[in-house]
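These notes are about the structure you will find just below.
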Protein chains: 2
Amino acid sequence: MGFAYHREAARAGGLMRFFEDIEIGQRREVGSFTFTAEGIKKFAAEYDPQRFHLDEEEGRKSLFGGLTASGWHVAAVCMKLMVADGKRQAREAAARGEKIAVWGPSPGFRELRWLKPVLAGDTVSYASEVESLRSSEKRPEWGIVQARNTGTNQRGELVYSFLATAFVPRRNPGS
Amino acid sequence: MGFAYHREAARAGGLMRFFEDIEIGQRREVGSFTFTAEGIKKFAAEYDPQRFHLDEEEGRKSLFGGLTASGWHVAAVCMKLMVADGKRQAREAAARGEKIAVWGPSPGFRELRWLKPVLAGDTVSYASEVESLRSSEKRPEWGIVQARNTGTNQRGELVYSFLATAFVPRRNPGS
């Protein structure tokens, strides 16, 4: 769950940094995933059974020009890779003996966009980039981070994008 | 895929109405779905393997208070029910011998929100309500419809919401 990811980041393994450690423009490569025809059809059969997600020939006849992954599949794979990346970061931080930041709830996501079709055989590389940072006047122990999460295909084309907002704890509240 | 749903609505079975047939406030019940523990764990294992999505005890210990569906699962089920509803509407329109509107591309979704956790055993009822209508000056053959799609649990609590925008053809362009 979106807000769960942030709210329970320490348990789940999320972005472990404190607000003071975060800078605008920081970018993290989250991971890559190749959408196979089999995987596309399996997701679509359960959650998005439209013809161009289920059948190569129907995909070719569609505006997409090929068997196309459901946008919700593209989104779910993004989450999958973010959780895996968070767990990896948590293990690394623990190995270094570092204090881990427990991120707060996310007010939500904005501007979820599927910009180009993801076709069978495409590899999407997901990344997260910090867009803005601000203080929370009501809650001085938290900062607010807005990040743009994206997916880019093997041709360098942006295929997926959304804005995530999260409350991130300060290492030194009130400083 | 989000925009696919609209762009290819006639083939896939989408909302079959023309712009002139649509009014602000029109609401359609899309369908209901009960999230079982088994289904929650299956989706989470593949796409969102956080503890509170995978294990009842971890869910109880979390802020959610129980085994909780991934937000992306809640979103994917919404798509599933919208596709099924669209196919149903297409069949009904065809049976009445009606002309079917081919919806255009959607510029995207906005304000995707998971407002409350969806716990194992919860039943979510999805609906779509028209929020605004406007003309497209550049493309007089289309109107622009903004709809709020929601999920509400068996206690009447809103759990999921997003704003969808779509280009919808006019029955009589230029009139």
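Screening segment B:65-74 for residues that are small (G, A, S) and in contact with a helix residue (DSSP H, G or I) (Cβ under 6 Å, 6 or more places away or on another chain) and picking the one that is farthest from the other protein chains (Cβ to nearest Cβ) gives B:G66. Of all residues in segment B:130-144, none are open to solvent by less than 60 Å² (accessible area, probe 1.4 Å), under 30 Å from A:G86 (Cα atoms) and either more than 23 Å from the chain's Cα centre (by Cα) or among the small types (G, A, S) (or both).
Condition first: more than 21 Å from B:T34 (Cβ to Cβ) and small (G, A, S). Can you find one or more residues in segment B:69-82 that meet it? It would help to see each step written out before you state the result.
Kept after step one, since they are more than 21 Å from B:T34 (Cβ to Cβ), are these residues of segment B:69-82: none.
For segment B:69-82, residues more than 21 Å from B:T34 (Cβ to Cβ) and small (G, A, S): absent.
When segment B:51-61 is filtered for residues that are under 22 Å from A:K80 (Cβ atoms) and either in contact (Cβ under 8 Å) with a residue 24 or more places away in the chain or out of contact with any strand residue (DSSP E or B) (no Cβ under 9 Å at 6 or more places or on another chain) (or both), the ones remaining, listed by number, are B:R51, B:L54, B:D55, B:E56, B:E58, B:G59. Annotation: of all residues in segment A:32-47 being farther than 15 Å from A:V159 by Cβ and of a type outside the set (A, V, I, L, M, F, W, C), the one that is most open to solvent (accessible area, probe 1.4 Å) is A:E38.
One residue stands out among those in segment A:18-31 that are open to solvent by 70 Å² or more (accessible area, probe 1.4 Å) and more than 16 Å from the chain's Cα centre (by Cα): the one that is farthest from A:G121 (Cα to Cα), which is A:E20.
Kindly indicate whether B:A94 is under 17 Å from the mean Cα position of the chain (by Cα) and either at the interface with chain A (Cβ under 8 Å from one of its Cβ atoms) or open to solvent by 60 Å² or more (accessible area, probe 1.4 Å) (or both).
Values: under 17 Å from the mean Cα position of the chain (by Cα): no; either at the interface with chain A (Cβ under 8 Å from one of its Cβ atoms) or open to solvent by 60 Å² or more (accessible area, probe 1.4 Å) (or both): yes.
Here the answer is no, as B:A94 does not meet what is asked.
Scanning segment B:62-91 for residues that are aliphatic (A, V, I, L, M) and either closer than 17 Å to B:V124 by Cα or in contact with a strand residue (DSSP E or B) (Cβ under 6 Å, 6 or more places away or on another chain) (or both) returns B:L67, B:A69, B:V74, B:A75, B:A76, B:V77, B:M79, B:L81, B:M82, B:V83, B:A84.
The values are calculated or read from the model by the stated rules, or taken from the named source; none is laboratory data. Since this is a predicted model, take the numbers as computed values, not measurements. Glycine also receives a Cβ, built like all others from the backbone with ideal geometry; neighbour counts cover every protein chain displayed. Side chains are part of the model used for accessible areas, which takes the heavy atoms of the whole protein and leaves out ligands, DNA and RNA. Shrake-Rupley method; radii C 1.70, N 1.55, O 1.52, S 1.80 Å.
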